[in-house]
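A quick write-up on the structure given underneath.
No value in this document is a laboratory result; all are computed from the given coordinates. None of these values were measured; they are calculated from a predicted model. Counting neighbours? That spans all protein chains shown, and the Cβs are built from the backbone with ideal geometry, glycine included.
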Amino acid sequence: MAIVSPSILSADFCGLGDQCRLVLEAGAGMLHFDVMDGHFVPNISFGVPVLASLHQGIPSAFFDVHLMISHPLAYVDAFARAGAGLINFHLESEDDPAAVLAAIRAAGCKTGMTIKPGTPAEALDPWLDQLDLVLVMSVEPGFGGQKFMPSCLDKLAALKARREALGLAFLLEVDGGVNDETAALCTRAGADVLVAGSSVFAAADPAGAVARLAAM
Ligand code: DX5
Ligand code: ZN
């Protein structure tokens, strides 16, 4: 069984709260909240006030915040106060990873570190023992609805092996192009958490899509 983290980037923002409740009731373990700054990635999404509203309206939801921003350190506290359960930031961001991790922990959130498709899994080695979750991107970050890049599979397998060798317990998450076809490849390679945006929210039956992914 996989943990499903629907990416609300693909939701209908006109009814965002209802869309979140629907996927949570269908078995989503968390909600994936994609933050984009128009600088680290060539797109702008949503930020702190949207998370605060969702957290207030659905206090039981666990928010898996994915910061695709150049300077995560400056925003960790604000997202934590707004209700983040876990804060993912990119190893490729411009801030010192040690400082960002310390800020996330000090703010009381779980720690997540993310790598883009061009970054090797080994680059995470110095940080693995400080992470609750590792996010492997299976598309270039910035947009929903892109095609899955199979190169993430070797990285997932390598990180799973590394986790076992080091006796660690971080979760492995994959994000981008995850659907009924690619999800099984990801879980077989070692993914524990499946992020899915368009394959859930653009589906005729989003609840059914979550249930199918959770069964992977
Ligand atoms: C992409 C985001 C993803 C995105 C996934 O930069 O990090 O979370 O919403 O969307 P799909 O599942 O449609 O590829
Ligand atoms: Zn994401």
If you go through Pro49, Pro42, Pro120, the only one that is more than 30 Å from Ala203 (Cβ to Cβ) and either free of Cβ contacts under 8 Å to residues at least 24 places away in the same chain or not β-branched (Val, Ile, Thr) (or both) is Pro120
Test: Phe40 is under 25 Å from Met113 (Cβ atoms) and among the aromatic types (Phe, Trp, Tyr): yes
Scanning the range 166-184 for residues that are over 26 Å from Trp127 (Cα atoms), part of a helix (DSSP H, G or I) and more than 16 Å from ligand 2 (Cβ to nearest atom) gives Ala184
Across (1) out of contact with any Leu (no Cβ under 7 Å at 6 or more places or on another chain); (2) away from ligand 2 (no atom under 16 Å from the Cβ); (3) assigned to a helix (DSSP H, G or I); (4) not polar (S, T, N, Q), Val100 clears everything bar (1)
When the range 185-216 is checked residue by residue, the ones that are surrounded by fewer than 17 Cβ atoms within 10 Å (Cβ to Cβ) and either of a type in the set (Gly, Ala, Ser) or in a strand (DSSP E or B) (or both) are Ala202, Ala204, Ala207, Gly208, Ala211, Ala215
Of the residues in the range 187-216 that are free of Cβ contacts under 8 Å to residues at least 60 places away in the same chain and either of a type outside the set (Gly, Ala, Ser) or near ligand 1 (Cβ under 9 Å from one of its atoms) (or both), the one that is nearest to Asp64 (Cα to Cα) is Ser199
Ser53 passes all but one of the listed conditions (1) part of a loop (DSSP other than H, G, I, E, B); (2) over 21 Å from Val193 (Cα atoms); the exception is number (1)
